[in-house]
Structure formats: structure tokens, C-alpha cells
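Asks: Attaching a single structure in C-alpha cells format; questions to follow.
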Amino acid sequence: MSKLPLSTRVELCAGLALAALLTVGCQTDGSYRFRAPTEQERAQEAAAVLARSYDVDHYAIDIVLHPATRRIEGTCSVRFLATRAGVNEIALDLVDLDVISIVDGAGRPLGYRHDGKVLTVKLAEPIGTSNLTEVVVEYGGAPSTGLWFSGERPGDSMPTQVFTQGEAEHSRGWFPCFDQPSDRATSEVSVTMPSEWVSFAPGERVGATESGSARTERWRMDTPHPSYLVSLVAGEFAVTESDWNGVPLSFAVAPEFASWAEASFHETDEILTFLSDYTSIRYPYPKYSQVCVDNFPYGGMENISATTLTPLTLGDERAMRDEPSTSLVAHEAAHQWFGDLFTCKDWSHIWLNEGFATYMTMLYFEETRGVDDFRARMRDAQDDYTAEDRGAARRSTVSDDWKDPEDLMDTRAYQGGAARLHLLRFMLGDDVFRAGIRTYASENAGRSVETDDFRRAMEKVSGRDLQGFFDQWIYGRGFPEFEMRWEWNEIEGVVNVSVRQTQDTADGTPAIFRVPVEIEIRDEAGAVAHRVELTRRSESFEFPVAGHPVFVRFDKNGWIPKHLSTVKRAPELLAIANEDEDVNGRRDAIRALGEVAADARIRERTADVQTIIAELTHALATDTSAAVRATAATALGAAQGLEARERLLTAVRTDTEARVRVAALNALAKFAPSPELLGCGREAFAAGYSWKTMGAAAGLVIANDPAGAYTWLTEKLFVDSPHDVLRADLLAHLGGLATDGVDDQLRRWANDESSHARARAAAIEQIGKRRRQSIENSRFVAKFLDEPNFRLRRAAVEALSALGDDSSRRALRAYYPRARTAAERRVIEAASRGAR
């Protein structure tokens, strides 16, 4: 599963067995207590899973969709094998649907009891372990989780699409199943729907018939897989067909987005080729479909052979300049191996799905975009992880510290998992690492896996004992924080490098991370990298040099997830910015030079400022990495000065990368207002190089004409863009104004059902930041808690939490028992704690 790349992530979670254990208790003082399952309750849940007395072999689901009433009728045949003799009943997960009847394979009626969450079926007689047994459940109702009707058009409440979302444990919301990642079964899905609809499900389509106004399609997947990967998408779609080496490919989008599909999915065949080669396992399924559905709460979901995606990944040429779909498409494709062909045995090992998919995506970029692009992405991932894995939020990569399984699906599993794979690659070398991945994949295809399965594969190939690495980096907590200093001993011709680990150990983070590191020293003779092992809290190293060192780099090429503190003066930073072949060395140096220049300007050291600005402008104009150029633009905003401004104006007009133009526009907004800068902002907005550059241009206009900002913004809010990406940015700018009328404008756009949910959510979020009319704003926002749209509900929860008044807290307390996502529950709980 992929997090949304363009906006706040919305998590889908409702109806979990564990969610039932989350209680909202009214106290004598009128406050509310939110609690997670106790250790005893969680142990009971785990014991219930282990006590399951059967192994599912096959699901056959026959479902009829009723879009007008948002209801389903279903029949599900569950074929299973008892795991012990004498089994006389089985328990299936089925949430909030009505059971009509149950029979066995011979058609004999079976007794059952259903508490709304667990369906216990009494078998006709005790069974043994040698023969497959079948129960057939007839059921129906309005799903509360797992299956969603969507795609309503403005002014019409009739859905035009249906989609399912099984991860983590939501398949129980649309068919009876053993809803745990450890159980693997084959499946078939037969769906009856309006005749103008088409469907997508795992495996291959094996039948299609029409009768009157209804169409029935049947799909079969013969590769065993967990129940959460069983999926169904149906609706009105424009479908593009292609193939990869004989494997049919399908790309389906709402008809109005048909012209955008090619730009989003055109690299699918290259991605499948890369992943097949890297794993040495050819794409293993009979087809691959990618379908974009309205109101999908994630970036994407890797249902086996049938990925579901958000339509937000689709866009015109301007949108593709801002955020191409490649990363999302590659991430979900990587899951077809890492997560689908072999799957984490339980959610505590979710990094085996998400960390691997994240890193495989980066490896694809390394293969196709080059090492600079890869290293920049890797560093950004490391930084995202280290920023979040702090304080009370810190946990190990393999962890059972969760209330809902979705709590584990954050930067620790995604970016943090990828960062650990990257470090392991450094330790073992490229060839051994890749051979280990291939061994892991080949030995575990079709299985449920735990982290030790991966460790054993890497040990087998490398011939090394890796238990220490896994204990420290996977089962252990945190990351190292380093202080590095160096000095040149000219008499002895050596450089002395001291390294100290400073991470706090109170939360269980190791006092010492034992890890190899490369220290590069560049002197008059060139650069030499020295690989050393860090084994102590504080240690020193001595390296020979041919002459005066130009610079010293710790952890050359950035293999270690870490925080690094080091002191570097301007000459060393200038040398790194100009000479270091590592893109992140240049980025770090340029970022620091911007701060040095700002300080030098305050201290009126004009010569120093001019030297630094010359280097920054050189980087902005000539560096081949867009990541470096964007960093240089930001640094020039801190450095200020006429030359800096002129170079930024040039970048706004000429750089080929939208993100560099955005950084340049944001940097110019920090300069003193002037007619020239106002003109630049208006010109960049009118030029419309990309939607994000237009949003940044609006910020420049506002900074240079605050008096006219309200009028200008309210006019530009009517400019249409894909999924209202521009309108959302403009509403964020509007919310920052102190002008009368802003609150009314924000409410108007929040209520505008003709606008995309992205823009409406942006308006709601801004309302949450405006406390002058907190009571009125609270009442206004609370009504969005009942919206069917995931994005609007999440925005309302966030806004009410930010407002923080009594009315907002009451609304959140009332909503908590029916909150549909883990993310919503966590925000409400945090708001409750903050109110005490």
C-alpha cells in the first residue's frame, strides 16, 4: 500500500476485531478516556487467531451490487481443511452484514451464531484433517467497511463506482473469511452489476454474461493469497489495454480522465521488467490491472494482480511536471512480489511488505534516472524517517506497539524499512545484496514470511552472521546521532577524526550503534574513502593525507539513517558544494552556506556573502541535479542580495524542473516587496508552467501586494485544475490572510459540492486554524464528520482538533465511536490528551 504522495495521508480502518476493544468511557468529571487493548485483551485476540482450527483453501464469492441503495447481496463458499481432528465448528470474520442462511457442500443447513463481528458455524458432524470441507454463507446488507460505493457526480447521489479495500483487516466487511495475513487461499469473484459497468478483480476474467440491465463477470486467481488481497472494483471506466511479454495489462480510469491515463501508466512495462530481473522471478500472475477509483483513501493498494489507485495520481502535463505517477506505479508493482507473492505473517512484520516496496521503487529510479536521483530520494526517505521516529513515537521496525494494524503503516515501515535495506546493501555489497534478495524471493514465494526468513536468506548468500545487525536495526529502536569533528596535523601529515554517538538511551535506544562507515578525505592529491567500524560511544581515527585537506565527509554517499552534527567553516562548505560528486554532500553544503551567508550579512561581512552567493548561483544555474538546484534556490532566499534575486528570477523563468521553479518562487517571497517581484509572481501564475508553480507564484504575489491579496486570490480561486490542486493551494494562502471576509470565503468553498474534495478539505483545514470565530467555525466544521468522503472527514477531525474549544472537543468525542479510520482515532485521542 502506498501513502498519498500529494497530500495528507488518509488511512482506511473500521470494523477491526481489535477496534472493538478501543473504548470511550465517560468519567465522573465528564471527560473521556480513550484506551488501547490491554495486554490481556491483545493476548486473547492473538490466542483466538492461533486457535483457528482450519486452513482456508479457496473462497468463491458471488456478489450482487445495488448502487441505488448502496447494498450488496452475497454468497460466499469457503472451502477449508481442518488442522486437527474432531473440529465441529469454525469461526469466520464477518462484520455488520446480515447472515441469511448457511449450508454445507452437500446442501445441508448449518446452525450458526453471529455477533456482528464473528460468524461461528456449527458443522453437520466433526471433521478430520484429510478431506476438504465447504460451507456456503448467504448474506447481505449495507457494508460499513471493506466495500465502498463512490463516483457520485455533482448533483447526483447515484454511485458510478464500487471498490473494496481489504488491508489491514477489512475484507470481513464484504465477505466471510479468515481475515489474517498469515492465511493464504485461492479465490474467485463473480460480480453482478449494471450492464454499462465493467469489473476488475484478482486473476483472469473467466466469464461474462448479460441479462437485461445486469452484467455478470467472473474472475479467478489460482495463486494462494491472504484474504486482504481479495478485491473488487466495478463501475463506469474508460479502459486502455496493453501487454507486457504476453501478460495482459489494463489501465482503467473514470471516462473524464481518459486522456490522462497514458502519462501515468506508460512506464508499467519497464517497471515489471526491472522487478522481474531484480528478483529473478518473472511477474507471476495472468494479468495486471491498475484502476483509479473515486474517494480511494490511499495512494494505492496492491491487490494481487489488480492494483487500486487514487485518481489524484492522474493529471495533465502541468500536473505531471509536479508529481509524475512513476513512484506510485512502481511501489504498487513491487508489492506484487513483496507483499503478494510472499506476505508478512503478521502485521508486526509489515516492513517486509512496505519497506521492500519502497526500496525497490528507489532501485528502479537508480536504474532509470541515475545515481544522483536515487541518492536524493534515499536521503529524503531517511530524513522523513528520522524526523518521525522520535520521542514517544519511537518504536522498532518490527513492533507490536499498535492499537490498529494501520498504526504500523507509517515512516517506520516505509522509509525506515527502506533505509535499513539500504544500510544492509552497504554492509554486504551490491552483488551479495541482490543475490540475497533473489534467494529470499525464490525460497519464500507462496509463503507467509517473518523477518527471520529474510535474515536467513541474506546469511545464506553472504556467509555472514547477521543476527547482530537485525537485533540492532530491525528489532531494536531508534537510530544513531553522531557528532563528528576533524583536525589536520600538518607536522605528522595526518587527519584526526573524532566520532561521538550522542543518542539518548532512556527510551531503549542503543548507546552504541555498531556500524561500518566511510569517511572520505579530499586533499591536494584527490579524494580517498576510508571504511572503518564504529564500535564505541566515542572514538578517534587517524588517516594519512598528502597535503592540506580540502574537506572531510562522514558517511560518504549516505548509507546510514542518522542525525549528524558537525562544524564546517565556509571554505570547506564551498569546496564540498563545488567538488563533491555526492549529490547529498552538495545539498548539505549548499543548505549550510545559505545559513552562513545570512549570518555574514547580519555581521556585514560583505566579501564572505559575495563569495557564497557566487557559489550558490553557480549551483542553481549549472548543477545537473534538480534536488541540488532546488536547495540552492532556497539557500539564496536566506542569503538575500541583488545577485541572488536576479538568479532566482532567471530560474523561475527558465529551469526545466517545476520543483526548482517552486523553490525559487518561495525564496523570492522572502525578499523585500517590490513591483518587479510582484510582476514576476503574476507572470509565473499566468505562464502556468505547472500547478505547483502557480501556487508558489500566488505566494509571491501575496508577499508583494498584501493589500490586494484578498481580491486577487478570490478571483483566481475560480481557475480550474486537475482535482482542484491549484484551488487547494490558493485556499491555503487565503487562510493565512487576516482580511475580513476570509472565514466566509473558506466556508463557501468548503460547502461547494462542485469543487473537488481536495479543495474543500483545504478550506476546512484552514478554518481549523482561524480561532477568532472558533465557536461558529466549530459548528460549521462538525457537520463534515458525517461526510462519506474520507478526505473531508479527516480534514474535519484535524480542524476540530486544531480549534480545540469545548464545542470542538464535544464533537470529536461524539464522533469517536463511529470514526472509520485509525488515523482519525489517533488525532481524536491526541486532542483529548491535550485538553487535560
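Asks: Provide the solvent-accessible area of R395, counting protein heavy atoms only and rolling a 1.4 Å probe, rounded to the nearest 10 Å².
Replies: Estimated to the nearest 10 Å², R395 gives 20 Å².
Asks: Is the shape of region 776-836 rounded, prolate or oblate, going by the alpha carbon gyration tensor and its root eigenvalues a ≥ b ≥ c, with a/c under 1.5 for rounded and a/b larger than b/c for prolate?
Replies: In terms of gyration-tensor shape, oblate.
Asks: Can you give the accessible area of L642, probe radius 1.4 Å, in Å² rounded to 10?
Replies: About 120 Å², ignoring ligands and nucleic acids.
Asks: Continuing with this model, one more query. When the label point is put 7 Å from the Cα of R71 along its Cα-to-beta-carbon vector, which residues of region 85-109 have a backbone N closer than 15 Å?
Replies: 97-101, by backbone N distance to the label point.
Asks: Dipole size in debye (nearest 20) for region 325-484 around its Cα centre, Lys and Arg Cβ +1, Asp and Glu Cβ -1?
Replies: 380
Asks: Taking the Cα centroid of region 230-259 and of region 603-619, what is the distance between the two, rounded to the nearest whole Å?
Replies: 53
Asks: Would you mind calculating the relative contact order of region 555-628 from Cα pairs under 8 angstrom and at least 6 residues apart, reporting the percent as a whole number?
Replies: Rounded, it is 30 percent for region 555-628.
Asks: Something else about it: Based on DSSP, what percent of beta bridges with both residues in the chain are antiparallel, to the nearest 5?
Replies: Close to 85 percent.
Asks: How many angstrom lie between the Cα centre of region 458-536 and the Cα centre of region 758-774?
Replies: A separation of 46 Å, based on Cα centres.
Asks: Once you have the Cα-Cα distance between I100 and K783, take 0.36 nm times their residue separation minus that, and quote the gain in nm to one decimal.
Replies: 242.4 nm
Asks: Can I ask one more? Round to the nearest 0.05 the FRET efficiency obtained for V206 and A392 when R0 = 45 Å and r is the Cβ-Cβ distance.
Replies: The computed FRET efficiency comes out at 0.35.
Asks: Let's test the formula: R0 of 30 Å, r as the Cβ-Cβ distance of E256 and V371. What FRET efficiency results, to the nearest 0.05?
Replies: FRET efficiency, E256 to V371: 0.15.
Asks: Give me the extension gain from R771 to E492: residue separation times 0.36 nm, minus the current Cα-Cα distance, reported in nm with one decimal.
Replies: 94.0 nm
Asks: Sort 194-201, 798-805, 494-501 by the packing proxy (mean of other Cβ within 10 Å over each peptide's residues), most packed first.
Replies: Peptide ranking by packing, descending: 798-805, 194-201, 494-501.
Asks: Relative to the Cα centre, what is the charge dipole magnitude of the chain, using +1 at the beta carbon of each Lys and Arg, -1 at the beta carbon of each Asp and Glu, and rounding to the nearest 20 debye?
Replies: My answer is approximately 1840 debye.
Asks: Among (i) 92, 67, 65; (ii) 113, 90, 45; (iii) 109, 49, 40, which one is Cα extents along the principal axes in Å computed from these coordinates?
Replies: So the calculated entry is the one marked (i).
Asks: Given Cα pairs under 8 Å that are at least 6 residues apart, what percent is the relative contact order of region 684-744?
Replies: It rounds to 29 percent for region 684-744.
Asks: Between R464 and A686, what is the label-point separation in nm under the 7 Å Cα-to-beta-carbon projection?
Replies: Output for this residue pair reads 6.0 nm.
Asks: Starting from the 7 Å offset along Cα-to-Cβ, what nm value, one decimal, do you get for the label separation of D430 and T656?
Replies: In this crude spin-label approximation the distance works out to 2.4 nm.
Asks: Using helices alone, I'd like the mean residue ellipticity at 222 nm for the chain: each DSSP H run of four-plus residues gives -39500 (n - 2.57), total over residue count, nearest 500.
Replies: -12000 deg cm²/dmol
Asks: Going by average Cβ neighbours within 10 Å, how do the peptides 515-521, 752-758, 174-180 rank, with the highest at the top?
Replies: Order by mean packing, descending: 174-180, 515-521, 752-758.
Asks: Tell me, how many Å apart are the Cα centres for region 716-736 and for region 288-317?
Replies: First find each Cα centre; the distance between them is then 23 Å.
Asks: By how many nm would the segment from D401 to A238 grow when fully extended, if each residue of separation counts as 0.36 nm and the alpha-carbon distance is taken off?
Replies: 54.4 nm is the gain from fully extending D401 to A238.
Asks: Applying 1/(1 + (r/R0)^6) with R0 = 41 Å to the Cβ-Cβ distance of T535 and A614, what FRET efficiency is obtained, to the nearest 0.05?
Replies: 0.45
Asks: Assign one of three labels to region 592-662, namely rounded, prolate or oblate, based on the Cα gyration tensor with a ≥ b ≥ c the square roots of its eigenvalues; rounded applies when a/c is under 1.5, prolate when it is not and a/b is larger than b/c, and oblate otherwise.
Replies: prolate
Asks: Any idea how far apart A546 and L564 come out in nm if each label point goes 7 Å out from Cα toward Cβ?
Replies: Modelled inter-label distance: 2.3 nm.
Asks: Share of the chain's accessible area from carbon and sulfur, percent, 1.4 Å?
Replies: 48
Asks: Continuing with the same structure: Roughly how many Å² of D471 are accessible to a 1.4 Å probe, to the nearest 10?
Replies: 80
Asks: Counting only heavy atoms of protein chains, what accessible area per residue, in Å², does the chain have with a probe of 1.4 Å?
Replies: The answer is 38 Å² per residue.
The values are calculated or read from the model by the stated rules, or taken from the named source; none is laboratory data. Values in this document were obtained by computation on a predicted structure and should not be read as measured data. Note: ideal-geometry Cβ built from the backbone for every residue, glycine included; neighbour counts use all protein chains shown. Protein only, heavy atoms only, side chains kept; ligands, DNA and RNA dropped before computing areas. Shrake-Rupley method; radii C 1.70, N 1.55, O 1.52, S 1.80 Å.
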